[in-house]
Amino acid sequence: MSPPVDPINAIALPPSRADVVIIGAGIIGVAAALTIAQRGHSVAVIDKGHVGCEQSSRNWGWVRTAGRDPREIPLVMESQRLWADLNRVTGAETGHRKAGIVYLCESEREVGHYETWLKEVAQYQVGSYMLDAAGLERVLPGASANFRGAMYTPDDCKAEPAMAAPAIARAAIAAGATIHEGCAARAVERKAGRVSGVVTEKGVIACDSVVVACGAWSRLFLGNLGVDFPQLWLLGSVLRTKPLPGGPTVTTGSSTFSFRKRLDGGYTISRRGKALVEITPDSFRLMADFLPTAAVMRREITLRVNGRFFEELQRKRRWGDSEVTDFERLRVLDPTPNDEILDEGLDHLMRAFPFFRDLEVAQSWGGMMEATPDGVPVISAVDAIPGLYVSSGYSGHGFGIGPGAGRLTADIVTGHAPLVDPTPFRLDRFPRARRVAA
Ligand SMILES: Cc1cc2nc3c(=O)[nH]c(=O)nc-3n(C[C@H](O)[C@H](O)[C@H](O)COP(=O)(O)OP(=O)(O)OC[C@H]3O[C@@H](n4cnc5c(N)ncnc54)[C@H](O)[C@@H]3O)c2cc1C
């Protein structure tokens, strides 16, 4: 069951022309639209479902610098700066609060893992540091388990997934963007090799530039254009509790659970370190690309063969402009959460923090994360198709980096000086994505 998302005033019919069309109204698409509109370009955002209906409303709401790939640190630091001003810029509540993030360590191996990360990012002012057991008790009292310590990032933040993308979308509309829900993109039109329009289920939008910000669907959409975007799906299961007065306010993750205090007084809880990877034909097609990361993450992923293999096997990978597509058939990707994994997470949490023993579950949901082989997003032009851009592959951590990633996407599309060096996010770092099939 989908978590609730704040509604926006979308317009049913898309325009016949816009300078830029953004496909996907998740946090990335709407954040990019906000900047593009503020710079005076016409921009239309289309979504097959509605604003924030997929990953951007289903996530844990962590806005973190802690534990990031060093290549992302400059961008996430800019994002933190943008988040801090977002309630003012949008004139709305995004739930953004500085609450700090604690990563608990149960073993010396985990302590070593975070100490290594601190050395890797030593050149940046990330503000993270290690706590011993006594320090942890000061920051996060009430643990009954014996943790060896923790990594603490006091400046890290949180925000409300149900509120943030809609708030940014409304600000983008106020700046001149148009947003169209229930409007799937089927294909991209080209004239003399360069982008000239987007074919939607509600007609063609002529345009100069297209941004593919389709989240989990980017590989399928780009595949129809001949671009082999390496991306696999991972199923996350999440629950929220009814309001639970008191309790920890610092966002916390251990190897077996995570929790974040919500604005409504409840908690968002998950079983950390156990994402389900459902084996699909793409698992085999992309095996060589993903094997190195899968080997490092082997403790955190559970492989499963189920009906999705056959669903994906039957999925059409190429189609014509006039065909009804899977984007229209599956308006909102709303996977069933895995109750077994959620119960395991709750069990670990209640044993470690007895405070949570009285919680009442209000709702649970599934969210399909998507990942690139190196776990770093793609924010890039597609060199072989002038006018085509990709902003996707956020690999389970695109919410926190969303405002900065949207700004960087807008910079690349509008030719402004980039917010940060975009080189680490280039599409052509993946050899398979360099060729464009006819
Ligand atoms: C369970 C879970 C927990 C997570 N926790 C965190 C966290 O704590 N912190 C963090 O930083 N990140 C987290 N993430 C990751 C984060 O949510 C995503 O990286 C981020 O939301 C990606 O945003 P997006 O805009 O790229 O994609 P999405 O939000 O998925 O948006 C893509 C949109 O594109 C639309 N679309 C797709 N194809 C088409 C088409 N052909 N035509 C029209 N529209 C189309 C979809 O309907 C969708 O609305 C989590 C993700 C999950 C699932």
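The values are calculated or read from the model by the stated rules, or taken from the named source; none is laboratory data. Predicted, not measured: the structure shown is a model, and the values here were computed from it. A quick note on method: Cβ atoms are made from the backbone with ideal geometry, for glycine too, and the neighbour counts reach across all protein chains shown. Areas reflect the complete protein model, heavy atoms only, side chains present, ligands, DNA and RNA absent. Shrake-Rupley method; radii C 1.70, N 1.55, O 1.52, S 1.80 Å.
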Ratio Rg/Rh [Cα only; Rh per Kirkwood] for segment 1-138: 1.06
For the chain, what proportion of DSSP beta bridges, expressed in % and rounded to the nearest 5, is antiparallel? 70
Based on the Cα atoms of segment 101-153, what semi-axes does the equivalent ellipsoid have, where each is the square root of 5 times one gyration tensor eigenvalue, given in whole Å with the largest first? 20, 13, 6
The correct ranking of MET1, MET368, MET287 by accessible area at 1.4 Å, largest first, is MET1, MET287, MET368
For segment 143-211, alpha-carbon Rg and Dmax in angstrom: 21.5, 66
Please give the net charge around GLY49, taking every other residue with its beta carbon less than 11 angstrom from that of GLY49, where Lys and Arg add +1 and Asp and Glu add -1. -3
Grab the chain and count how many Lys pairs have their alpha-carbon atoms under 18 Å apart, sequence gap of 8 or more, or different chains. 6
Regression test value, accessible area per residue of segment 383-438, probe 1.4 Å, units Å², expected 37
Could you pull out every residue, at least 5 positions away or on a different chain, whose amide H is within less than 5 Å of the one on THR249? Hs are placed 1.01 Å off N in the peptide plane, and Pro or chain starts have none. none
Determine the share of segment 101-153's accessible area contributed by carbon and sulfur atoms, expressed in whole percent, with a 1.4 angstrom probe. 48
Local electrostatic count at PRO161 - Lys and Arg +1, Asp and Glu -1, tallied over other residues with Cβ under 15 Å: +2
Estimated D of segment 164-317 in µm² per second, where Rh is the Kirkwood radius over Cα pairs and Stokes-Einstein applies at 37 °C, 0.692 mPa s: 170
Got a sec to turn the phi values of segment 243-253 into Karplus ³J(HN,Hα) couplings, 6.51 cos²θ - 1.76 cosθ + 1.60 with θ = phi - 60°, whole Hz, x for Gly and Pro? x, 10, x, x, x, x, 9, 7, 5, 9, x
Descending packing, highest mean Cβ count within 10 Å first, for 181-192, 93-104 is 93-104, 181-192
Here the convex hull volume per residue of segment 290-438, taken over Cα atoms and given in Å³, is 195
Portion, in percent, of the accessible area of segment 232-305 that falls on carbon or sulfur, probe 1.4 Å: 62
Amide H contacts of PHE229 (H built 1.01 Å from N, under 5 Å, at least 5 apart or other chain): GLY223
Helix 287-296 sits at what angle to the longest principal axis of the chain, using alpha carbons and giving 0 to 90 degrees rounded to 10? 20
Can you tell me the 0 to 90 degree angle between the C-alpha axis of helix 339-352 and the longest principal axis of the chain, rounded to 10? 30
Quick one: Debye curve from the alpha-carbon atoms of the chain only, equal weights, vacuum; give me log10 I(q)/I(0) at q = 0.07 Å⁻¹ to two decimals. -0.32
For segment 101-153, dividing by residue count, accessible area per residue (probe 1.4 Å) in Å² works out to 54
If you average the C-alpha positions of segment 405-423 and of segment 109-158 separately, how far apart do those two centres end up, in angstrom? 32
